[in-house]
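Scroll down for the structure; my scribbles are underneath it.
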Amino acid sequence: MDILHSIFAAPFIDMYSAPDFLLQVLWEGFVSGTLYALLALGFVLIFKASGVFNFAQGIMVVFAALTLVGLHSLGMPAYVALALTIGVMGLLALGVERFIMRKLVNQPDIILFMATIGLTYFLIGLGEFVFGGEPQKMIASELGLPSGSIDFTVGRGVVILEYADIAAAVVAALLVFSLGFFFSKTRIGRALRAVADDHQAALSVGISLNQIWAIVWFASGIVALATGIMWGAKSDVSFALQIIALKALPVLVLGGFTSIPGAIVGGLIIGFGEKIFEIYWGGLMGGGVESWFAYVIALIFLLFRPQGLFGEKIIDRI
Amino acid sequence: MKKLLAIGTAAACLGAVLATSAPAVAEDTFYIPSLSYRTGPFAGGGIPNANGFADYFNMLNERDGGIGGVKVVVEECETGYNSKKGVECYEATKGKGALVYNPLSTGITLQLVPKAPVDKIPVFSSGYGLSATAVGEKFPWGFNYPSTYWSQLTSILKYIDSKGGLKGKKIGYLYLDVGYGKEPIPLLDVLSKKLGFSVTKYPVGVKEMQAQSSHWLKVRKDRPDWIINWGWGAMNSTAVKEAAKIRFPLDRFIGNWWSGTHADLRTVGATGKGYMAANFSGIGASYPALQDVLKYVVNKGKSQVKSKDLVGDVIYNRGVFQAVIIAEAIRSAQKTTGKKVINAEDLRGGFETFDLSEARLKEIGLEGFTQPIKASCKDHEGGGGIYMQQWDGKDWKRVSDMISPMTDIVRPMLEKAAAKYIADKPGWKTQTCK
């Protein structure tokens, strides 16, 4: 009887009796969700263009953030360092297209996947060689990211909204929606979809695979930079940020590997879901459920909707 | 021709790599492998520790011509704080005449503890690893001077007790959810019942190290009176930022001795002002021994530190301290055996006979750096205490005297844990101590 009460009554009583805390949980879920969506977007863009799961997305986050901080430490103003970092990510995109993707056209997906593993270790080595392994401080205030918080009184408690979290959510949302718009409403976006469907068919109608891949890897690099800045400000800039990319996996399964709206909705579902479940039901299982909760949700979706919420259902003729 | 050139170039590169990465181990040197991690998520702590460890031995080589006239060769092997890689490093280096292993990882230590008596090479896990190895009778080859995790935990609890009492208090235990973070939990559970406080645990998975908002929402919900942090790497800076965000009083948030480093708190800055942490070695480079490290090693470009300002950082000094204990054990073994060049088995004896007294600390230029350690056959941790340090927004400052552990409680529990560890290991060799 106690267990039934703990599952079906106590959490809702908690929510009702402490609305300020519930709002705080929802806010934290929203912030996490938008950041997860941003992470997932980096994977989705590359998957759409080449059908490959980009194993290097996590290290691209680290590499972009370290480049930004490293350039600033050389004495460059923050915005110059930011512009140069965007340039470096552009060069990386061109390099990936020229030396990896172009050479692997029409190769099986697993070969492309292996290539991104190789790229990961190349970037780890390069990053450690150039920047070292020590954690660095993200130049959040230099980039104009606000500090401090707004406190709202709700009931008998307060809801704390950090300006940095608000900025992270706004930047993430803007980036997600603008990239979503770019890749769904523009000529390049349509070309991207054509490339995703069939490389050879896209080539036959005059779409430049090389150009599309470079653009997509560059966009993914920008997303990695934004993720590195936002997450680096919450913690520090170190190679540990690479692990953060794993948080995107259940989001991708949930939202679909090929859907930008899926990345947004999936990110928000996982963000809200893991926070609410951890806080109100996690204690029943000894806590720490956040680390697997998202994967369970993803697994359930896989069973009933393998293509994800918004993924394309692909039917192959045999 | 092109192919031949490529093969030649590759062979030359391989040769160059081998030549630089494997120092020649002469018979009249002490070969000490350093299982370090300069890469990966935990490099922030691994780098300064490895630097301090190597620099102290290099200083002895440069200034004194080694230890008792025998030079020390420190060879690093990169583990990435990964137990599997750590064991690979061990297997790759033990045949070169390794004198002792300092794995700098509880996970790796747990793998090496059973290997030590077989290979007859001491495992020195200084302030980490398996706490039960402090029981010398049961673990002749394991040492964790100057203190174990269990002793440290009781010292932290004593500190909390001195600031308003423990009884009836709610203590939060935030920990990295790996072997290291789980190590003191059995003791914490027993002590909570014995001393009358409650414990709420907050495990932080490696994936969540930099995404701790859920953990801190739970802290806000549970409202513990104090939080003890058993974190490592990026987990620490994130935890301090999240604690500040929910306005948890930082002077009631206490890290263990691996959770209070300069690398972690420099990235937090003024936000972390007030955060507390345990420590057992000195802060700063004002000690004569560290001045010698600067003079003979760092200033001559023979160190891997990026800047000489990093000499004296908490974890750099921790690495120095590990090297100091090994050096003292070597000296003691040389004295006991009468041999200039000792082997690993001789060093095991040295680890049970060295005496790092106050006079000796002064003699080696480390007066006040730590509290004295008198090694023994029975007690492989030295019963060391800790002091508390506090982050002032820019630097760590010592804010307490040495706090001794609750030895009367810890020792019987260590003995019980040691007996339990060896119970299912037939053929495990113990020793009898006088």
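Every number here is computed from the coordinates shown, using simple stated rules; none is lab data. Source: prediction; values computed, not measured. Because the Cβ atoms are built from the backbone with ideal geometry, glycine has one as well, and the counts that use them run over all protein chains shown.
Summary of computed values
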read-out	value
Among A:Val105, A:Ile59, A:Ser235 the positive-end extreme of the charge dipole of the range A:2-246 (Cβ point charges)	A:Val105
Dipole in debye (nearest 20) - chain B, about Cα centre, beta carbon charges: Lys, Arg +1; Asp, Glu -1	1000
Where Rh is the Kirkwood radius over Cα pairs, Rg/Rh for the range A:126-234	1.16
Fraction of antiparallel bridges per DSSP, the range B:29-434 only, in percent to nearest 5	30
Aspartates and glutamates with Cα under 19 Å of B:Lys416, excluding same-chain neighbours fewer than 8 positions away	B:Glu137, B:Glu183, B:Asp189, B:Asp379, B:Glu381, B:Asp408, B:Asp424
Sites A:Ile7 and A:Arg187, calculated FRET efficiency, Cβ-Cβ separation with R0 35 Å, nearest 0.05	0.10
Exposure proxy order (Cβ contacts within 10 Å, fewest to most) of A:His5, B:His215	A:His5, B:His215
A:Phe53-A:Leu126 FRET efficiency (beta carbon distance; Förster radius 22 Å; 0.05 resolution)	0.55
Förster-model FRET efficiency, 30 Å R0, A:Asp198 and A:Phe113, C-beta, rounded to 0.05	0.95
Given charges at beta-carbon only (K, R positive; D, E negative), |dipole| of the protein assembly as shown in Debye	340
Lysine pair number, Cα distance threshold 18 Å (strictly under), chain A, separation 8 or more or different chains	6
Residue with peak Gaussian network fluctuation, chain A [Cα springs, cutoff 10 Å], from A:Ala18, A:Ala169, A:Ala40	A:Ala18
Signed unit charges on C-beta, dipole axis of the range B:29-434, positive-most listed residue B:Gly168, B:Gly127, B:Met276	B:Gly168
Cα gyration tensor category, rounded, prolate or oblate, for the range A:1-116 with a/c compared to 1.5	oblate
Highest-MSF residue in chain B out of B:Ile315, B:Ile403, B:Ile422 [GNM, Cα springs under 10 Å]	B:Ile422
Rounded, prolate or oblate (a/c below 1.5 giving rounded, otherwise prolate when a/b exceeds b/c) for chain B by Cα gyration tensor	prolate
Ranked list, fewest to most other Cβ atoms within 10 Å of each Cβ, for B:Val87, B:Val298, B:Val190	B:Val190, B:Val87, B:Val298
Fraction of the pair-distance distribution of the protein assembly as shown above 43 Å, Cα-Cα pairs, percent	32
Where labels lie 7 Å past Cα in the beta-carbon direction, separation of B:Lys193 and A:Arg156 in nm	3.4
The protein assembly as shown - share of DSSP beta bridges that are antiparallel (%, nearest 5)	40
Theoretical ellipticity at 222 nm over the protein assembly as shown - DSSP helices of four or more residues, -39500 (n - 2.57) apiece, nearest 500	-17000 deg cm²/dmol
A:Leu91 paired with B:Lys221, simple spin-label distance in nm, labels 7 Å along Cα-to-beta-carbon	4.8
Charge dipole (debye, nearest 20) of chain A; +1 at Cβ of Lys and Arg, -1 at Cβ of Asp and Glu	1120
Estimated distance in nm for a label pair at B:Lys416 and A:Arg305, the labels positioned 7 Å out from Cα along Cα-to-Cβ	5.3
Anisotropy class of chain A from Cα gyration tensor, a/c 1.5 cut	oblate
For A:Glu162, B:Glu358, order by how many other beta-carbon atoms lie within 10 Å, fewest first	B:Glu358, A:Glu162
Whichever lysines have a C-alpha closer than 17 Å to that of B:Lys96, once near sequence neighbours (fewer than 8 apart) are set aside	B:Lys71, B:Lys115, B:Lys120
Surrounding net charge for B:Lys182, when Lys and Arg each add one and Asp and Glu each subtract one, Cβ distance under 14 Å	-2
Exercise: per-residue mean of other protein chain Cβ atoms within 10 Å, A:26-38	1
Among A:Gly180, B:Phe139, B:Gly350 the positive-end extreme of the charge dipole of the protein assembly as shown (Cβ point charges)	A:Gly180
Shielding of B:195-203 by partner chains, average beta-carbon count, 10 Å	1
Residues with amide H under 5 Å from that of B:Ile403, placed H, sequence gap 5 or more	B:Ile386, B:Tyr387
